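Asker: This is the structure, below, for whatever I ask next.
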Amino acid sequence: MGTIENKDTIRRIYQALETGDRSVFGASVHPDYVWRFPGHSSWSKRFCGQEEVRTKLLKPLFALFATEYRARAINLVAEGDYVVAEVRGDVQTKRGQRYNNEYCFVFRFRGDKIAEVVEYCDTDLEERVLGNYDDAVRQMAAS
C-alpha cells in the first residue's frame, strides 16, 4: 500500500475510536506488530504481537477505565511507510479521574497492515492518573 492508503487506514481507525470502536484498529495490525512506549515511566515498555499487546497492555489498561475510551485524531502526516497522528484521548478511570492524554503516535506499515506503533504521551499524567504499570497488572489479575 502507499502513503495515501496508509493515512486513510489511520483516519478510519480514529473515526471508529471517536465512538469507542476498537475493532478497526484490531483488523489493521499485523499479528506480530510491536507497540512501544519510549521514555522512563513504569509504562515505558515494548509489547510484541497481538496476543501480548492484548493481554499485557490493553487488558490491564482498559480494566482501569469506567467509561468507554475514545480518541480523536487532530492531525495526520504521512510519508512512505509512516503515518504520524496527533491524538486526544478521552476516558474516565474507575477512581473518578479524567485520563485525557495527548499523544503523538508513529505508525509504521508493512504492506497494508500496521507493523509498529510508537506512542509518545504525557507520562506524568499517565503515572498520576493510571498509577504504576505493575500495580495495574496486579489489580487486573485480582479482579
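Asker: Here are a few candidate values for semi-axes √(5λ) of the Cα gyration tensor in Å: (1) 28, 21, 11; (2) 32, 15, 12; (3) 25, 16, 14. Which one was actually calculated from the structure I just gave you?
Answerer: Only one option fits the structure, namely (3).
Asker: If each DSSP helix of 4+ residues adds -39,500 (n - 2.57) and the sum is divided by the residues in the chain, what number results at 222 nm, nearest 500 deg cm²/dmol?
Answerer: Value at 222 nm, helices only, nearest 500: -6500 deg cm²/dmol.
Asker: At what distance in angstrom do the alpha carbon centres of the stretch 36-58 and the stretch 72-127 lie from each other?
Answerer: 13 Å
Asker: Same structure again: Enumerate the amide H contacts of VAL34 below 5 Å, restricted to partners 5 or more residues apart or on another chain; note that Pro and chain-start residues carry no placed amide H.
Answerer: For VAL34, whose amide H was placed from the backbone, the distant partners under 5 Å are GLY49, GLU116, VAL117.
Asker: Please enumerate, by chain and number, the lysines with C-alpha under 20 Å from the C-alpha of LYS56, excluding those fewer than 8 residues away in the same chain.
Answerer: Of all the lysines, those that pass the test against LYS56 - Cα under 20 Å, at least 8 places apart if same chain - are LYS45, LYS94.
Asker: Based on other C-beta atoms within 10 Å, arrange SER42, SER23 from fewest to most. Please report the intermediate quantities before stating the final value.
Answerer: On the way: SER42 17, SER23 9.
If I rank by nearby Cβ atoms, fewest first, I get SER23, SER42.
Asker: Report the calculated FRET efficiency for ARG95 and VAL24 (r = Cβ-Cβ distance, R0 = 25 Å), to the nearest 0.05.
Answerer: My answer for the efficiency is 0.30.
Asker: Can you tell me the orientation of helix 3-17 relative to the chain, as the angle in degrees between its alpha-carbon axis and the longest Cα principal axis, to the nearest 10?
Answerer: Around 30 degrees separate the two axes.
Asker: Using only Cα atoms and rounding to the nearest 10 degrees, what angle (0 to 90) does helix 133-142 make with the longest principal axis of the chain?
Answerer: 70 degrees
Asker: Quick check on the exposure proxy: order HIS30, HIS40 from fewest to most C-beta atoms within 10 angstrom.
Answerer: HIS40, HIS30
Asker: How high is the relative contact order of the chain, in percent, with contacts defined as C-alpha pairs under 8 Å that are six or more residues apart?
Answerer: Taking the mean separation of contacting Cα pairs over the length of the chain, I get 26 percent.
Each reported figure results from applying straightforward, stated rules to the coordinates on display, with no laboratory input. Note that the coordinates shown come from a computational prediction; the quantities given were computed from them, not determined experimentally. Don't worry about glycine lacking a Cβ; one is built from the backbone with ideal geometry, like all the others, and counts go over all protein chains shown.
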